[in-house]
Amino acid sequence: MRKTDPSLHCRVFYRPIEAAIRWSGLLRFETRILDAMNGKGVPDLDDFPRWPMLRLNTERIFDAIRNGELPYGKSGVTSNDPSFLDDPDLTVRHVDLKAWMARFYPDQKPTFLFDEIERQLHSAIGIDAVQALLADRVALKARLAEKERSFDVLHERHRVLCKRIESLSVAEHEVSPRSEGTYLNIVGGLLGLLLGKSPSGKPYSSFETMESVISALLAHHAGRSGMAERTLWAKLAQARRHLEDASH
C-alpha cells in the first residue's frame, strides 16, 4: 500500500482541534471528528472514548495558549488577543506549534511537524549537550596528543637503550673460567646429593639415576634455554667430572 506524504497534510496554520487530530495520528478521521465537534473547541469526555489522546492533546494546546507558551491568533494572523480564545477561528501557526512542541514535548515528533531526519534525532540531545560533547572532544584530543608525545619520548629512550645493549661486546657477557668452575661445582654438588646416600645408607632423595633427574627437569622446565635432553646430559656429566677432579 502506498504511503501518503505527511507534508500534504501540513498547513501554514491550524485550529487547535486540527492540530490535535494530526498530533494524535487521527487524520483519516478528521472529517468525522470535525462534524461531531460541531464548533466546540475541546472534545467532551464522552465524545471520542476510543481516542482519549485527542482530548488530551487539544487541552495541551489550549493550556499552552492560555499560559503564554504558544502564540495564537485568528485565521492565521497572530495577535494573542484574549477575545479569540473562544472564537471558532482561533488558530496557531505551524512554525510556532513546532517550536512549542520541540521545547515542551521533545519526545513527541508528529510527522506533520517534523521530517524524518528530525524524528531520528534523540530528544535529549540539545544545543547545550552538543556543546558540552564538543568541549569534551577537544579536551580528549589534547590529552591524546600529550600521551602520544610521552609515548614518543619513551619509545626513543627504549630504542637508544636497545642499541646500547646490542653494542655491548659478547666478551662482556661471557662467563669467566673461574665463574664457570664455581657453577659446575655447585651443580655437581647438588647432583651428588640428589643421587647420594647418607652415612647410614638412606637415600637423600627419590632420584636413583641421572636419567631420572634429567627426566624430572624436562618435565618441569621443558622449552627453557638449556633444558634440552642432550644439553642436560652433557652439562651434568661435566659438572660431576669437574667436582671429582677438584676433589683430587
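Tabulated values for the structure
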| item | result |
| --- | --- |
| Neighbours by Cβ (under 9 Å, 6+ apart or cross-chain): first from the range 222-235, more than 14 Å from E211 (Cα to Cα) and in the same structural domain as V187 (by TED's automatic domain parsing); second of a type in the set (A, V, I, L, M) and surrounded by 13 or more Cβ atoms within 10 Å (Cβ to Cβ) | A222/A228; G226/L232 |
| Hey, G76 surrounded by fewer than 19 Cβ atoms within 10 Å (Cβ to Cβ), touching a Phe, Trp or Tyr at 6+ places or on another chain (Cβ under 9 Å) and at pLDDT below 90 or not | yes |
| Close pairs from the range 45-60: first of a type in the set (D, E), partner assigned to a helix (DSSP H, G or I), Cβ under 8 Å, at least 6 apart | D47/A36; D47/M37; D47/R55 |
| Residues of the range 219-233 that turn out to be surrounded by 12 or more Cβ atoms within 10 Å (Cβ to Cβ) and farther than 22 Å from G196 by Cβ, as a count | 5 |
| Candidate set: the range 80-101, residues that are surrounded by 14 or more Cβ atoms within 10 Å (Cβ to Cβ) and of a type in the set (D, E, K, R); chosen: the one farthest from the chain's Cα centre (by Cα) | D87 |
| Any hit, the range 197-204, residues being surrounded by 13 or more Cβ atoms within 10 Å (Cβ to Cβ), polar (S, T, N, Q) and either out of contact with any Pro (no Cβ under 9 Å at 6 or more places or on another chain) or not assigned by TED's automatic domain parsing to the domain that holds R178 (or both) | no |
| Positions within the range 74-98 being β-branched (V, I, T) and either touching a residue at least 40 places away in the same chain (Cβ under 8 Å) or touching a helix residue (DSSP H, G or I) at 6+ places or on another chain (Cβ under 6 Å) (or both), in sequence order | T91, V92 |
| Helices (runs of 4 or more DSSP H) wholly inside the range 1-120 that include at least 1 residues being touching a His at 6+ places or on another chain (Cβ under 7 Å) | 16-23 |
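The values are calculated or read from the model by the stated rules, or taken from the named source; none is laboratory data. For clarity, every value in this text was computed on a predicted model and none was experimentally measured. With ideal geometry, Cβ positions are generated from the backbone for all residues, glycine too; neighbour counts draw on all protein chains shown.
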